[in-house]
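Heads up, the thing below is written out as structure tokens.
The values are calculated or read from the model by the stated rules, or taken from the named source; none is laboratory data. Quick caveat, the model's predicted, so the values are computed rather than measured. FYI the Cβ positions are ideal-geometry reconstructions off the backbone, even for glycines, and counts take in every protein chain you see. Keep in mind that these areas ignore ligands, DNA and RNA; they rest on the heavy atoms of the full protein, side chains included. Shrake-Rupley method; radii C 1.70, N 1.55, O 1.52, S 1.80 Å.
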Amino acid sequence: MYEEILPQIITTNDTKLLLLVLDGLGGTTNQDGVTELEAANTPNMDALARAGSCGLHLPVGYGITPGSGPGHLGLFGYNPIKYQTGRGILEAFGVGMHVNPGDLAVRGNFATLKDGLIVDRRAGRIPTELCRKLVAKLREHIKQIEDVTVDIEAGKDYRFAVVFRGPDLSDKLSDADPQIVGKPPKPAEPLAPEAEKAARIVNKFIQMATEVLADEHPANTVLLRGYATLPDIPKYEEKYKLRALGIASYPMYRGLAKLVGMDTPPVGETIDDEIALLREKWNDYDFFFVHIKKSDSYGEDGNFEGKVKIIEEVDAKLPQILDLKPDIIVITGDHATPSVLKAHSWHPVPLLMKGRYTFADDAQKFSERECAKGILGHIPAEAIIMLMLAAAVRLLKFGA
Ligand code: ZN
């Protein structure tokens, strides 16, 4: 947002900015007429809501249900429609791989091939341990195809990521995945003339992998999809003059943070692990993104109570974060995941912002209903970082 004037007005100081994201935080009313956030007992967030400014944000736009990728890019201050990021990039970043400009990143599944048909697209959901062994085997046998080097890394369960490195690799390819079982393997097809080489490399990789895996069961072939090259995205350091740290247990969110130039050290699985890392690194950065995944997972499971409990757990631990005295704190979600829908949704997402200069509005509690009374109104997610920078006195006057 305001990319043309940002370089003129951005400045630095020693303030600390904190963005706490509860994934899928937003909800809609259930049969009892309440959302998860309304049902949750959140005295600490409510106190911040009373003392600070509230509103609702639209992650991508009216009626648009975002994936977590666009949801986060919006929160990070990037137009999620302009900066579209293929899943392959996020997958590769998420497993700790490097992706350089020009590289082609792809998501892979191990799958089961029988009598020429794909009979299981997830190879019986093989455990991560086996996935690692199979990836090691592939890595040993497939190092290079033509002038393209191949890097493979295991993900969770049956998933892996591949990064192809070489000249002239386009991501304009169709998925090499029949999508439904009982069909023969589907080769990648170029969707543009410049993608012919990439299609050839990808299909050769699948052929070689299937040969290497011939004696394995049930993981005896691979499916590839989500091809992506790196979007040309300005980094936090240059765009906002912020040294930024991303704290997320789940790989994909570390990938998203890394995409915009945040440092993303590994962290344990619990909220306590995340807070411990935040405290440890507090003096080293200006901007901190802390990601809580489970609110979304419970929403997707339709588990209203589970989502309520995670929100309450975060609230109970909030004083440990507030102890650090961030100059500006924002608590929000990357999209809504109402448990009544068991999926991401288009609903606006509650937003709470507290700093020294934020307006204490009439919102009495951190909830959709109270945030609707807040002074921030309905804003695009992209605007949040601007308001954080302003509240941290990091934006100079525009014009004389
Ligand atoms: Zn999400």
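Taking the Cα centre of the range 215-265 as origin, work out the dipole magnitude from +1 charges on Lys and Arg Cβ and -1 charges on Asp and Glu Cβ, in debye rounded to 20.
Details: 7 positive and 6 negative charges, 74 e Å.
My answer is approximately 360 debye.
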What Cys residues in the chain are without a partner cysteine, judged by a Cβ distance under 4.7 Å? Cys131
So, R0 is 45 Å and r is the distance between the beta-carbons of Arg356 and Asn30; what FRET efficiency does that work out to, to 0.05? 0.75
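Normalised by the residues of the range 1-94, what does the relative contact order come to in percent, with Cα pairs under 8 Å and at least six apart?
Answer for the range 1-94 is 19 percent.
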Please give the FRET efficiency for Lys373 paired with Thr149, using the beta carbon to beta carbon distance and R0 = 60 Å, rounded to the nearest 0.05. 0.60
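Accessible area per residue of the range 85-168 at 1.4 Å probe, in Å²?
On a per-residue basis, the range 85-168 sits at 44 Å².
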Considering every pair of different Cα atoms, what Kirkwood radius, in Å, is found for the range 105-218? 14.4 Å
Net charge over other residues, Cβ less than 11 angstrom from the Cβ of Ala105 (K, R count +1; D, E count -1): -2
Charge tally in the Cβ shell below 12 Å around Pro43, where Lys, Arg are +1 and Asp, Glu are -1, Pro43 excluded: -1
Share of the chain's accessible area from carbon and sulfur, percent, 1.4 Å? 51 percent
Rounded to the nearest 500 deg cm²/dmol, what is the calculated helix-only ellipticity per residue at 222 nm for the chain, with -39500 (n - 2.57) per DSSP H run of length n ≥ 4? -9000 deg cm²/dmol
Restricting to the chain, compute how many DSSP beta bridges are antiparallel as a %, nearest 5. 65 percent
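How compact is the range 26-158 by the rule of thumb for globular proteins, expressed as Cα Rg over 2.2 N^0.38 Å?
Details: Rg = 21.5 Å, N = 133, 2.2 N^0.38 = 14.1 Å.
Rg over 2.2 N^0.38 Å, computed on Cα atoms: 1.52.
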Taking a crude spin-label model, label points 7 Å out from Cα along the C-beta direction, the Lys325 to Ile180 distance in nm is 6.2 nm
Pairwise label distance in nanometres, Asn41 with Glu237, each label 7 Å out on the Cα-Cβ vector: 4.6 nm
Charge dipole of the chain about the Cα centre (unit charges at C-beta), most positive-ward option of Phe205, Gln364, Leu259: Phe205
With a Förster distance of 60 angstrom and the Cβ-Cβ distance between Ala400 and Lys342, calculated FRET efficiency to the nearest 0.05 equals 0.65
Between Lys258, Lys373, Lys82, find the one with the highest GNM mean-square fluctuation for the chain; connect C-alpha pairs within less than 10 Å. Lys82
Where Val135, Val212, Val181 fall by accessible area, highest first, once all protein chains stay in place (1.4 Å): Val181, Val212, Val135
In Å², nearest 10: area of Glu300 left accessible to a 1.4 Å probe: 80 Å²
Considering the options Gly61, Ile328, Pro80, tell which one lies farthest towards the positive end of the dipole of the chain, charges being +1 on Lys and Arg and -1 on Asp and Glu at the Cβ, about the Cα centre. Pro80
Could you calculate the contour length gain from Lys137 to Lys156, that is, 0.36 nm times the residue separation minus the distance between their Cα atoms, to one decimal place in nm? 5.2 nm
Calculate one ³J(HN,Hα) per residue across the range 320-326 by plugging θ = phi - 60° into the Karplus curve 6.51 cos²θ - 1.76 cosθ + 1.60, and present them in order as whole Hz with x for glycine and proline. 5, 7, 5, 3, 6, 6, x
I'd like the distance between the alpha-carbon centres of the range 316-337 and the range 239-263, rounded to an integer number of Å. 16 Å
Cα Rg, Dmax, the range 228-323, angstrom units: 14.7, 42
Evaluated at 37 °C and 0.692 mPa s, the Stokes-Einstein D of the chain based on the Kirkwood radius over Cα pairs, in µm²/s, stands at 148 µm²/s
To the nearest 20 debye, what charge dipole does the chain have about its Cα centre, counting +1 at the Cβ of each Lys and Arg and -1 at the Cβ of each Asp and Glu? 220 debye
Accessible-area ranking of Met45, Met1, largest first, probe 1.4 Å: Met1, Met45
Using only protein heavy atoms and a 1.4 Å probe, report how much of Trp346 is accessible, in Å² to the nearest 10. 110 Å²
Distance (nanometres) between label positions extended 7 Å along Cα→Cβ at Ala51 and Ser297: 3.1 nm
What number does the range 270-331 give for Rg over Rh if you use C-alpha atoms and the Kirkwood radius? 1.02
Candidate aspartates and glutamates for bridging to Lys309, where Cα separation is under 13 Å - those fewer than 8 sequence places away on the same chain excluded: Glu36, Glu38, Asp296
With charges only on Cβ, +1 for K and R and -1 for D and E, what is the dipole size of the range 67-201 about its Cα centre, in debye, rounded to 20? 460 debye
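Hey, which of these cross-link pairs are over 22 Å Cα-Cα: Lys325/Lys373; Lys133/Lys258; Lys133/Lys293; Lys137/Lys293; Lys241/Lys317; Lys317/Lys354?
Lys325/Lys373; Lys133/Lys258; Lys133/Lys293; Lys137/Lys293; Lys241/Lys317
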Quick one: check the C-alpha center-to-center distance for the range 94-142 versus the range 66-92, whole angstrom. 23 Å
